[in-house]
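The values are calculated or read from the model by the stated rules, or taken from the named source; none is laboratory data. Treat the numbers as computed from the prediction; the structure is a model and nothing was measured. Every residue, glycine as well, gets a Cβ built from its backbone with ideal geometry; the counts of neighbours run over all protein chains shown.
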Amino acid sequence: MQNILNDIILSNKKCTANGKVASYIPELKNANIDDLGICVIDKDNNIYCAGDYKKKFTIQSISKPIILAMALMDNEWHHVFSKVGMEPSGDPFNSIMKLETNDTKKPCNPMINAGAIVTTALIKGKNLQEKEERMLSFFRKLAKNNSLEINKSIYESEKLTGDRNRAMGYLLKNDGFIEGDVEETLDLYFKQCSIEVDVVDLARIGLLFSNYGIDIETGERVISENISRMVKTFMVTCGMYDASGEFALRVGIPAKSGVGGGIMASVPRKMGIGVFGPALDEKGNSIGGLNILEDLSNKLELNIF
Ligand code: GLN
């Protein structure tokens with residue numbers, strides 16, 4: 001396995017030159033464009049790392065499946081899905097369009113920004129501080145890493161410039177999909193996106209979903225089997241935004257990407273995978289990350305279809 005990972009990193013390093021680091025959140029511009037790293041944790045808890053696996057980056061949209069799991073644990077499912085849909089949007093992750101053109105005006109799914117703002121509003125807590133604490137401790141539990149923290153400068157950078165998300169938040173409140181204070185919901189949304197992780201954290205989270213919510217080391221049930229299944233299904237249908245269909249064909253593994261350059265992948269009953277490469281394609285997915293996952297899927301026959 002170690003040799004396979006080393007080879008895959010080496011052979012995909014050059015493709016990072018074809019991408020661009022996200023710059024619409026000003027602080028993300030500081031990433032190093034040719035970084036490329038991977039971590040695989042298998043069902044026997046063997047950990048394999050290669051490339052720039054020690055680099056830290058913000059989780060960005062990879063927080064969306066985790067917040068979905070939390071929203072489903074905090075609320076009745078029919079309530080959650082009365083506020084957010086189950087269908088791929090076919091639009092970019094930050095599109096506002098279908099909030100007007102859909103018959104229901106409901107966000108298409110929880111893996112795009114509009115849908116994630118809704119699931120964020122469903123997180124329980126008596127005030128913003130309690131919600132933030134609950135959220136961070138849930139992320140820490142899933143990653144089995146108590147040192148996870150919010151990167152303050154990225155959070156502030158996004159909060160300052162996140163007017164498209166702000167516009168969606170107010171529209172969603174107007175149409176009855178979120179209740180309560182919009183600014184508080186957005187604050188929690190910007191914070192979840194700014195949690196700093198590495199590929200090992202992502203592989204751990206992927207492994208938990210791959211093992212249907214049971215921690216393989218302790219046997220503890222962290223997330224129900226059903227919720228784990230639902231989250232992986234959304235990762236397949238919507239996890240790579242408007243490139244989810246092509247990714248399912250080329251790679252065939254439930255996965256979720258973020259504009260920080262990370263991808264969290266979860267191969268049912270086999271392994272969790274974290275990859276990082278901040279050079280993004282035009283849809284906002286890591287170019288190196290996509291290629292690494294395609295190569296790994298082919299080499300190890302991981303395609304679930
Ligand atoms: N924080 C980012 C945003 O809201 C997350 C988007 C992403 O990773 N695709 O724009």
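Side notes on the structure shown:
- Selection over region 45-86 of residues that are touching a residue at least 40 places away in the same chain (Cβ under 8 Å) and of a type in the set (Asp, Glu) gives a count of 2.
- Residue that is surrounded by the fewest Cβ atoms within 10 Å (Cβ to Cβ) [pool: residues in region 200-210 that are of a type in the set (A, V, I, L, M, F, W, C) and more than 16 Å from the ligand (Cβ to nearest atom)]: Val200
- Single unsatisfied condition, Gln129 versus (1) assigned to a helix (DSSP H, G or I); (2) in contact (Cβ under 8 Å) with a residue 24 or more places away in the chain: (2)
- Boolean, Ala22 is part of a helix (DSSP H, G or I), at pLDDT below 95 and either more than 16 Å from the ligand (Cβ to nearest atom) or closer than 19 Å to Glu196 by Cβ (or both): no
- So Ala69, is it in contact with a Leu (Cβ under 6 Å, 6 or more places away or on another chain) and either over 20 Å from Glu282 (Cβ atoms) or not in a loop (DSSP other than H, G, I, E, B) (or both): no
- For the residues Ile41, Ile9, Ile47, Ile59, the requirement of being of a type in the set (Val, Ile, Thr) and either within 16 Å of the ligand (Cβ to nearest atom) or under 21 Å from Ile154 (Cα atoms) (or both) singles out Ile59.
- Subset tally (residues that are modelled with pLDDT under 90 and surrounded by fewer than 17 Cβ atoms within 10 Å (Cβ to Cβ)) for region 76-95: 3
- Residues in region 120-158 that are surrounded by 14 or more Cβ atoms within 10 Å (Cβ to Cβ) and more than 19 Å from Thr58 (Cα to Cα): 6 in all.
- Positions within region 17-71 being hydroxyl-bearing (Ser, Thr, Tyr) and over 30 Å from Val118 (Cβ atoms), in sequence order: Tyr48, Tyr53
- Meets criteria (small (Gly, Ala, Ser), surrounded by fewer than 24 Cβ atoms within 10 Å (Cβ to Cβ), outside any helix (DSSP H, G or I) and touching a residue at least 40 places away in the same chain (Cβ under 8 Å)) for Gly245: no
- Every condition in (1) touching a Phe, Trp or Tyr at 6+ places or on another chain (Cβ under 6 Å); (2) without any contact (Cβ under 8 Å) to a residue 40 or more places away in the chain holds for Met111 except the one numbered (2).
- In the set (1) among the polar types (S, T, N, Q); (2) under 19 Å from the mean Cα position of the chain (by Cα); (3) within 12 Å of the ligand (Cβ to nearest atom); (4) over 21 Å from Val80 (Cβ atoms), Thr120 fails one condition alone, (4).
- Taken as a whole, region 98-114 holds at least one residue that is part of a helix (DSSP H, G or I) and at pLDDT 95 or above.
- For region 25-40, the set of residues classified as out of contact with any Gly (no Cβ under 7 Å at 6 or more places or on another chain) and in a helix (DSSP H, G or I) consists of Pro26, Glu27, Lys29, Asn30, listed by residue number.
- Condition met for Ile62 (surrounded by 15 or more Cβ atoms within 10 Å (Cβ to Cβ), of a type outside the set (S, T, N, Q) and closer than 23 Å to Arg269 by Cβ): yes
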